[in-house]
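Working notes, structure below.
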Amino acid sequence: MQITFREADTAIVAQIAGSIDGLTSEALQAALLGELLKGHHRIVADFEGVDYTSSAGLRVILATVKEARRNGGDFRLAAVRPAVMRVLQMSGFAGIVKIYPDAEAAVASFK
Amino acid sequence: MRSSSRITLVAEMETLGAFRAFIERTCHAAGITGTTVDDLKLAVDEAAMNVIMHGYADMDPGSLMLELDIGDGQVEVTLTDFGHPFEPYDPGIPDADTLLEDRTPGGFGLHFIYQTMDDVSYRTDEDGNHMVLVKKLGAA
């Protein structure tokens, strides 16, 4: 799994690629919490390159959503592939996290 | 045509990706694709992660054996470990408000196993703990 960050308008876009599982989720959580600690509370996770997530990834999403919202921001997803979307739907997460067709739309949603 | 394949690895997080790749290769070789493969990968990943995190807690990580039997219109997966036994159950999922309030929600993994598989069973004997998952082919 790879994660890179870029600034876009008032948000930070985390571009994630690869699989999120019990091995990789800790690094993802640490990277996202690092951005929150820097005061970046509006984060978009670009999931275009994410081919798989297990419950380990859901725990990262939930923890990041809660921390961002606690600070007046939000953690929003973009470009979620069908296989990953199924997992979000099975867990009820599709109703908790805001999901956008692409990163641009997610960034624009913060305006 | 029936086929049976197995792989044995150490019960550590690095094994999860290797198991998913093994499932994908084995299923594709048998002409099985699509969400059936996605479901098998997810269910085995969650079951294996539980063993790695809890089954071998306070122990050196032992072996984790994955066996795939394809035939009779189904894929039967047996995951065997030699750690602490853990009888699986479906915890369901909490509603959205509870998810957002609860500090450390868990149980998604078990829920995914029951959501994606047609049958889940578990037994412990002198040869270890065996979780048996059945996915029927051609069923939605």
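Points to keep in mind about this one:
- Legend: residues B:Phe22, A:Phe5, B:Phe82, sorted from most to least accessible area (1.4 Å probe; ligands, DNA and RNA excluded), read B:Phe82, A:Phe5, B:Phe22.
- Taken over the protein assembly as shown, the convex hull of the Cα atoms encloses 126 Å³ per residue.
- Peptide A:15-25 has a mean shielding of 4, counted as Cβ atoms of other protein chains within 10 Å of each residue's Cβ.
- For chain A, projected area of the alpha-carbon convex hull averaged over all directions, nm²: 5.8 nm²
- Per residue of peptide B:57-65, the mean number of Cβ atoms on other chains within 10 Å of the residue Cβ is 0.
- Remark: mean inter-chain Cβ contacts per residue of A:54-61 equal 6, using a 10 Å Cβ-Cβ cutoff to other protein chain atoms.
- Lysines with Cα under 30 Å of A:Lys111, excluding same-chain neighbours fewer than 8 positions away: A:Lys38, A:Lys66, A:Lys98
- Apportionment of accessible area to carbon and sulfur, chain B, percent (1.4 Å): 49 percent
- Here B:Asp90 sits with roughly 70 square angstrom of accessible surface, probe radius 1.4 Å.
- Calculated SAXS-style log₁₀ I(q)/I(0) at q = 0.16, 0.17 Å⁻¹ - region B:3-136, Debye, Cα scatterers: -0.80, -0.90
- Cross-link reach list, lysines versus B:Lys135, counting only Cα pairs under 29 Å and skipping chain neighbours closer than eight places: B:Lys41
- For chain B, built as a Gaussian network whose Cα springs stay under 10 Å, the top-fluctuating residue of B:Ala96, B:Ala21, B:Ala29: B:Ala96
- Using a probe radius of 1.4 angstrom, the carbon and sulfur fraction of the accessible surface of region A:2-108 is 52%.
- Averaged over its residues, chain B has an accessible area of 50 Å² per residue, based on protein heavy atoms and a 1.4 Å probe.
- Minimum 40 Å² accessible area buried by the other protein chains, region A:73-111 residues, probe 1.4 Å, relative to alone: A:Arg86, A:Met90, A:Ser91, A:Ile96
- More than 16 Å apart - percent of Cα-Cα pairs taken over region B:19-78: 45 percent
- Inter-label distance, nm, simple model (7 Å from Cα along the C-beta direction), A:Glu104/A:Arg69: 2.9 nm
- Note on chain B: GNM, Cα springs under 10 Å; of B:Gly62, B:Gly31, B:Gly128, the largest mean-square fluctuation is that of B:Gly31.
- Heavy-atom accessible area with a 1.4 Å probe sorts A:Glu7, B:Glu14, largest first, into A:Glu7, B:Glu14.
The values are calculated or read from the model by the stated rules, or taken from the named source; none is laboratory data. None of the values given here were measured: they were computed from a predicted structure. Every residue, glycine among them, receives a Cβ derived from its backbone with ideal geometry; neighbour counts consider all protein chains shown. What goes into the accessible areas is simple: the full protein's heavy atoms, side chains included, and nothing from ligands, DNA or RNA. Shrake-Rupley method; radii C 1.70, N 1.55, O 1.52, S 1.80 Å.
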